[in-house]
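The values are calculated or read from the model by the stated rules, or taken from the named source; none is laboratory data. Note that this is a predicted model, so its numbers are computed, not measured. A quick note on method: Cβ atoms are made from the backbone with ideal geometry, for glycine too, and the neighbour counts reach across all protein chains shown. For the accessible areas, the whole protein counts, side chains as well, though only heavy atoms, and no ligand, DNA or RNA atoms are used. Shrake-Rupley method; radii C 1.70, N 1.55, O 1.52, S 1.80 Å.
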Amino acid sequence: MRAATADRLLRCLLPDERAAVEGDLAELHVPARDALIELLGLVVRRQVGAWTDWHAWIALVAALALGIILSVVSRYWAHNAAIYAWLYLDNWTPEYLRSPGARADLLRTITGFGLECLTLAVWAWTIGSAIRALSPRTWFSTFIVVVIAVFYGTAGSATIARLNPGNAIVFAQPMYRDGFPMAFRLVLIVAPILGALWHANIRSSVKVGRAGLILCAAVVLTALVGRRPAAAATFGWWSISDDRPMLAAAWRIRQAWQVWLFPLVMVCPAIYVFFNSASRSGRRRLSVR
Amino acid sequence: MLGEFEYLLLSAAARLGEGAYGVSIRQEIERATQRKCSIGALYTTLDRLEKKGLIQTWMGAPTPERGGRPKRMVRVTGKGSREAAAFYRTVVRASDGLSWQTD
């Protein structure tokens with residue numbers, strides 16, 4: 001158990017330092033108990049030192065903001081997907097395939113769903129990579145903040161789909177009401193963020209080529225989802241009280257230019273990771289010369 | 001102005017020359033101070049000194065006695081030598097005429 005705890009503490013260190021410290025402890029034949037105490041001391045010092053760096057606070061604030069945006073967007077898209085899932089799965093009829101209009105609608109629904117899933121996953125991956133690149137020592141604390149923001153960022157609000165009495169039959173089922181948003185958030189947000197953090201933990205940095213590909217994917221997907229994030233911002237975060245704005249007022253909000261910042265904001269992590277990788281690669285080439 | 005532990009680390013690294021790395025520096029400091037030196041204090045001070053430009057560190061080759069893991073090698077820079085020398089001169093001036101008797 002001491003060895004397992006020591007191993008977990010070692011994973012809190014950056015890869016190079018982890019290797020050097022492991023080697024030092026092995027060379028000195030430090031007993032497991034003493035090694036645990038030494039490692040704990042180093043990890044605590046590193047964590048305290050990390051939070052004196054402004055990068056850690058920028059990463060934290062950005063992670064909180066992006067986590068809330070992901071929370072709003074994922075729930076909105078999940079509820080929309082739930083409505084179509086109820087329509088096409090719970091109420092399936094072969095007529096959907098016989099009618100050309102219904103076929104086209106089904107295809108559009110499946111394509112839109114796939115696009116939204118892929119976009120959420122890519123956004124989440126880039127956020128994980130950016131957290132690790134911006135503040136590698138505080139990635140765990142920042143990850144916890146993102147997860148809290150993703151799951152609780154929409155507390156006290158509901159989507160317009162959920163508030164629409166016409167959809168009551170859909171959201172009466174817990175799977176559609178709560179299961180879909182939970183699945184979206186776990187599979188399409190938390191898992192990709194963890195994947196990106198784990199990948200960065202092993203490789204210590206993202207290669208420029210890969211960062212460029214991810215940036216292209218993020219830009220293309222964000223462009224393809226078009227106004228959907230703006231719709232999520234407008235219709236996905238409504239007060240559950242009776243004092244809600246009229247739809248006309250919501251429509252005016254949607255026309256405001258500020259709402260278009262949402263897609264731009266979601267591409268920022270990918271832009272940061274790319275330029276960070278490019279500058280590290282440039283520095284490495286200079287040091288080799 | 002250097003701190004006490006920073007000076008100890010620079011002195012140990014300078015004395016060890018090309019053999020200066022984490023374990024050897026730690027053993028040298030423990031020999032000089034007759035006290036245990038923790039990995040936490042050592043590595044955070046190495047980072048601090050490197051940020052100030054007083055040392056350079058790099059990852060050395062792995063060795064079998066270290067389980068195939070690399071060493072963090074250390075070299076004192078010119079700036080580090082000058083800072084250490086200034087600290088030493090300060091201590092000598094401050095100690096001028098004093099005799100520390102131990103009971």
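A few points about this structure:
- Candidate residues A:R11, B:R35: accessible-area rank, largest first, probe 1.4 Å: B:R35, A:R11
- Taking the longest Cα principal axis of chain B as reference, the axis of helix B:39-51 is set at about 80 degrees.
- Dipole of chain A, positive end: most advanced residue of A:S279, A:T111, A:L28 [Cβ charges, Cα centre]: A:S279
- Percent carbon-and-sulfur accessible area, the protein assembly as shown, ignoring ligands, DNA and RNA, probe 1.4 Å: 64 percent
- Shielded by partner chains, region B:38-83 residues - at least 30 Å² of accessible area, 1.4 Å probe, vs chain alone: B:I39, B:G40, B:Y43, B:T44, B:D47, B:M59, B:E65, B:R66, B:R69
- Angle in degrees between helix A:191-203 and the longest Cα principal axis of chain A, rounded to the nearest 10: 20 degrees
- Across chain A, the relative contact order, built from alpha-carbon pairs under 8 Å that are at least six residues apart, equals 27 percent.
- Among the protein heavy atoms, those of A:K207 account for about 150 Å² of accessible surface (1.4 Å probe, every chain in place).
- Within the protein assembly as shown: Cβ-based charge dipole about Cα centre, in debye rounded to nearest 20 (Lys, Arg +1; Asp, Glu -1): 940 debye
- When A:I110, A:I214, B:I25, A:I144 are compared by accessible area at a 1.4 angstrom probe, the order from most to least is A:I110, A:I144, A:I214, B:I25.
- Drop in accessible area of at least 50 Å² in the complex versus isolated chain, residues of region A:16-35, 1.4 Å probe: A:A20, A:D24, A:E27, A:L28
- Estimated buried accessible area (total), pair B and A, 1.4 Å, Å² to nearest 100: 1600 Å²
- Nitroxide proxy distance, nm - points 7 Å out along Cα→Cβ at A:F113 and B:R35: 6.6 nm
- For region A:39-74, a reduction of at least 20 Å² in accessible area between the chain on its own and the assembled protein chains (probe 1.4 Å) is found at A:L42, A:R45, A:R46.
- Think of a 1.4 Å ball rolled over the protein heavy atoms: the protein assembly as shown then has 55 Å² of accessible area per residue.
- Under the convention that each Lys and Arg Cβ holds +1 and each Asp and Glu Cβ holds -1, the size of the dipole of region A:68-169 around its Cα centre is about 260 debye.
- With Cα atoms, 0 to 90° folded angle of helix A:208-225 axis to chain A main axis: 20 degrees
- Ordered by 1.4 Å accessible area with all protein chains kept, A:D16, A:D34 run largest first as A:D16, A:D34.
- Highest to lowest packing among A:260-267, A:129-136, A:63-70, A:169-176, scored as the average C-beta count within 10 Å: A:129-136, A:63-70, A:260-267, A:169-176
- Restricting attention to chain B, the count of lysine pairs at 8 or more positions apart or across chains with alpha carbons under 22 Å apart stands at 5.
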